[in-house]
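The values are calculated or read from the model by the stated rules, or taken from the named source; none is laboratory data. These figures come from a predicted structure and were not determined experimentally. All Cβ positions, glycine included, derive from the backbone under ideal geometry; neighbour counts span all protein chains shown.
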Amino acid sequence: MPCQPRPSNGSILRIALSVVLLITVLPQIPAQEDADYRISRGIELAAEGRREEAIECFNETLRINPLSAGAWYNKGLALYILGRYTEAIKCYDEALEIKD
């Protein structure tokens, strides 16, 4: 069996960087898709009048991505409809801070 050449330090570094990239970037893609799904589901629940459940969907989104202006806005809207105005204003403020 022929002897395989030893990889160079540059090759090893490229492989290591590729592995790090896969470990750090790929998990974020499904997480963002999951966050988008939860916002959509929250909007559906709110439209059905199930606003407390909708708020929980928006909270789950914010646990995944606290910088989701859409989740903050929609949570604020659901809270507003429930008459929880102080909480709604805080959510709107968060959404505006992110958009700026």
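Observations on the structure shown:
- Region 35-59 residues that are more than 14 Å from LEU82 (Cβ to Cβ), paired with ones that are outside any helix (DSSP H, G or I) and not aromatic (Phe, Trp, Tyr) (beta carbon under 8 Å, 6 or more apart): ALA35/ASN65; ALA35/SER68; ILE39/SER68
- Elements of type helices (runs of 4 or more DSSP H) contained in the chain, each with 1 or more residues being exposed (fewer than 15 other Cβ atoms within 10 Å of the Cβ) and modelled with pLDDT of 90 or more: 28-47, 51-64, 69-81, 85-99
- Residue list for region 57-100, restricted to those being over 14 Å from the mean Cα position of the chain (by Cα) and charged (D, E, K, R): LYS75, ARG84, GLU87, LYS90, ASP93, GLU94, GLU97, LYS99, ASP100
- Long-range neighbours under 7 Å by Cβ, at least six apart or interchain, first residue over 19 Å from GLY49 (Cβ atoms) within region 73-100, second exposed (fewer than 15 other Cβ atoms within 10 Å of the Cβ) and aromatic (Phe, Trp, Tyr): none
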